[in-house]
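Peer 1: This is the structure I want to talk about, given as structure tokens.
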Ligand SMILES: C[S@@+](CC[C@H](N)C(=O)[O-])C[C@H]1O[C@@H](n2cnc3c(N)ncnc32)[C@H](O)[C@@H]1O
């Protein structure tokens, strides 16, 4: 493909790829259902990121909880959890001897041990099928603490810029909350931080989809 050759040439010259090209590559990968293994291997950007988001997410977690973090990056959350918590880490790539490697874009998702809290800080943006991940987590945890940079509804350039960052979905805050609700998680707390929304969701024992199934059957 000519555009792939052009991109390789730019990379060889040490130049950054223009956003529309980066967006094309991400979109290509998204359609193929593949995660960005190469993009996740480096740690430079992760080291530069501030601890602030992890500190805020850690505050949403109750003491004495079992906590499972997906996409831990540099593992900053673990350092800010109440000391009485038990913490386990999953990531697309191995980040330490304790990391369990999981690809949130592979299907079927692996069976995961039950915990009180699942944490997704800066990770949902990289998940191709968010509804099926959240449905899977319904069998795993009672609470989900997550961050997300909401998309600007119906803006093509916003989507292109998101793909340029390697992000593979475009939910507004309302759409994301509705997705969690359909999979059985009710929002209990939100916080705005630097253009991101931080969420705490709580598991409902009856999922919205099950409720609508029952209503439909009632009509039969
Ligand atoms: C932006 S970093 C966030 C790191 C950390 N959670 C934080 O809040 O600073 C995104 C993390 O998600 C991981 N990740 C990206 N795609 C993933 C996937 N498909 N499955 C599992 N982890 C993934 C990356 O390896 C990286 O550690």
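Peer 1: Consider a paramagnetic label point 7 Å from the Cα of residue 153 along Cα→Cβ; state which residues of segment 160-187 have an amide N under 11 Å from it.
Peer 2: Correct set: 172-175.
Peer 1: A follow-up question, please. Hey, for a label at residue 62 modelled as a point 7 Å past Cα toward Cβ, could you say which residues of segment 114-158 have their backbone N under 16 Å away?
Peer 2: Within reach of a label on residue 62, which here means backbone N under 16 Å from a point 7 Å along Cα→Cβ, segment 114-158 contributes 115-119, 141-145.
Peer 1: I'm a student and want to see the number: the projected area of the Cα convex hull of segment 59-154, averaged over all directions, in nm².
Peer 2: Result: a mean projected hull area of 6.7 nm².
Peer 1: If the chain between residue 45 and residue 94 were fully stretched, how many nm would it gain, using 0.36 nm times the residue separation less the Cα-Cα distance?
Peer 2: Here the segment from residue 45 to residue 94 would lengthen by 16.0 nm.
Peer 1: Given the chain reduced to its alpha-carbon atoms as identical point scatterers, what log10 I(q)/I(0) does the Debye formula return at q = 0.08, 0.10, 0.12, 0.15 Å⁻¹?
Peer 2: Ignoring solvent entirely, the Cα scatterers give -0.31, -0.48, -0.69, -1.04.
Peer 1: If one takes the longest principal axis of the Cα atoms in the chain, at what angle in degrees, from 0 to 90 and to the nearest 10, does the Cα axis of helix 2-12 lie?
Peer 2: With both axes taken from Cα atoms, the answer is about 80 degrees.
Peer 1: If contacts are Cα pairs under 8 angstrom and at least 6 residues apart, what is the relative contact order of the chain in percent?
Peer 2: That works out to 19 percent.
Peer 1: Also, I was wondering about something else. Please arrange 147, 96, 135 by how many other C-beta atoms lie within 10 Å of their C-beta, fewest to most.
Peer 2: Working: 147 22, 96 11, 135 18.
Going from sparsest to densest Cβ surroundings: 96, 135, 147.
Peer 1: Per DSSP H run of at least 4 residues, take -39500 (n - 2.57); add these up for the chain, divide by its residues and hand me the 222 nm value, nearest 500 deg cm²/dmol.
Peer 2: Working: 10 runs with 86 residues, N = 220.
It lands at -11000 deg cm²/dmol.
Peer 1: When all alpha-carbon pairs of segment 1-95 are counted, what percent fall beyond 15 Å? Don't jump to the answer; show the numbers that get you there.
Peer 2: On the way: 3139 of 4465 pairs.
When all Cα pairs of segment 1-95 are counted, 70 percent exceed 15 Å.
Since every read-out is calculated from the coordinates, none of them should be taken as a lab result. What you are looking at is a predicted structure, and each value in this text was computed from that prediction instead of being measured. Please note: Cβ atoms are built from the backbone with ideal geometry, for glycine as well, and neighbour counts cover all protein chains shown.
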